[in-house]
Structures are given as C-alpha cells and as structure tokens.
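Structure record follows, encoded as structure tokens.
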Amino acid sequence: MAVGVLALQGSFNEHIAALKRLGAKAVEIRKPEQLNSVTSLIIPGGESTTMAKLAEYHNLFPALREFVKMGKPVWGTCAGLIFLADKATGQKTGGQQLVGGLDCTVHRNYFGSQIQSFETELSVPELAATEGGPETFRGVFIRAPAILEVGPGVEVLADYPVLSNKPSDANSATESPEESHGSKERVIVAVKQRNLLGTAFHPELTADTRWHSYFLKMVGEVGEAASSSITIVGEEASRSITVAGVEGFSFNQQPKNDLPIFQ
C-alpha cells in the first residue's frame, strides 16, 4: 500500500523515514492529482498557517476534503491535527482553511510559543494494547495545539494534565505549588474517529514507530487496503499478525533505543 505524506512544509521527511523503517511505501504529495496514487495520507507537523497558504496555492483543499469524505485513512500530527479539526481557535487574524472531518475543537497554540516546547511521557493504553511495548509514549510537543472538545464519536487515545483550561494559565509562573494544588485538569492530545487519527505531538521525531504501525493497521482495515499486504523489514519480519484479512503488524518488542530523535 502507498501512504501519502503531505510534503508542503514541516516534518514530512521524518514521517517518510518512519514508514520506510516499517517497510511501507511512502509518496510525497504536493498536488491534488497525486492523491489518486495513495490509499492513505499523513499530514505532518509544521507551521499550520504556512502549510494552509501553500495548500491553497496548489488548490489542495477540495481534494483533501474529498479524500477524507471517501473514508480513506488520514493522520494529522500537530499542524496536521489542526487541518483535520472541524473547528480551530486561537488562530491568527483571518484564520486559515481547514480540511475538517474530525469532530473536535482544537486550540492552535495551546501550549504556548516555540520556547515553551517540551517532551513528556504520555499514558497510551490503547496504543500499548494494539502495538505492544511500554504503557507510555514519549510525546514531543513543539508549539503544540491541544484538543479542547470532542464529539460523541471520537475516541480519546491520550491526554495531558494542565493547570487550567486557559492556554495562558497552563504555563503560569506566578502560581505557588499551594495555589496550583488540585487545580490540574487534562486536555486531549490524541484522538481517533473512524478513518481519522490526530496527535498534538510529533511521533515522527522519536525512534518509537508504534503510532505509525497503528496508523498502518487503520489503513489495512479500510477500503482498498483490504487486498494489500505490508512486508516488515528487519527483525520484526517474523512478528506479523492478520487484521481484517490483511497482514499487519505486531510490535510487542520495540528496539532497545527508544530515545527521541528530537533533542
């Protein structure tokens, strides 16, 4: 199966490298007609306003919306999550076009500016149950969004504790430990809805490929992928399972080096 990666701007090369490590074919997508050659699509992280302007320039939005409506699997990371959301807040003046399809509201820069980027261990029980490996995943958040609300058909895959539901308070340096005690709530950072997957963080910037494997299983369960198979390269080649009649992945043993590429 050919997995498209929107290659207008951002971390598309890192996604392609992760897919190749799993033995999947990756195709760079820059024009609407190129979507005809792929069965699924990854919209990478980057600068969402810049990506939107480039997508408008290449007249990609109508084709991307149709791709989603056809039920083909699409995964958005960081800026890609913003693209997939039905509603986005915290945008620049004039906003930006959205592809939509994911029944949620996303705050564009929930965690603050570039210098407030961070890494953290996220609890990911669904990912661990499906792909094996540890119960946590190293989330790399770079000028990251967060999901404020989800619809009834959206499955929450990961969340993260913050001090309040207001982005300006989430990184407040004025509260004492006593004042902030007990005030934490959780914002959503990973979701799935039918053929759509969204993560506010950057799995492509780590050595852990379980999110990519998870997405490839979604591809195997939808549409044209039902007659396709993926060959796993390397040591994982002998650890495959059948999902919906398609040879898929089982990564119960991850590579020993699980340190993120991003430093």
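The values are calculated or read from the model by the stated rules, or taken from the named source; none is laboratory data. Remember, predicted model here, so these are calculated numbers, not experimental data. The area values use the complete protein model at the heavy-atom level, side chains included, leaving out ligands, DNA and RNA. Shrake-Rupley method; radii C 1.70, N 1.55, O 1.52, S 1.80 Å.
Could you tell me the accessible area of Met70 in Å² (1.4 Å probe, neighbours in place), rounded to the nearest ten?
Accessible area, nearest 10 Å²: 110 Å².
Given a 1.4 Å probe and the protein chains all in place, what does the accessible area of His58 round to, in Å² to the nearest 10?
60 Å²
Quote to one decimal, in nm, the extra length available between Lys53 and Ser123 on full extension: 0.36 nm per residue of separation minus the C-alpha distance between them.
Taking Lys53 through Ser123 to full extension adds about 21.8 nm, to one decimal.
What length, rounded to one decimal in nm, is gained on full extension from Lys31 through to Leu163, with 0.36 nm per residue of separation minus their alpha-carbon distance?
Length gained, Lys31 through Leu163: 43.3 nm.
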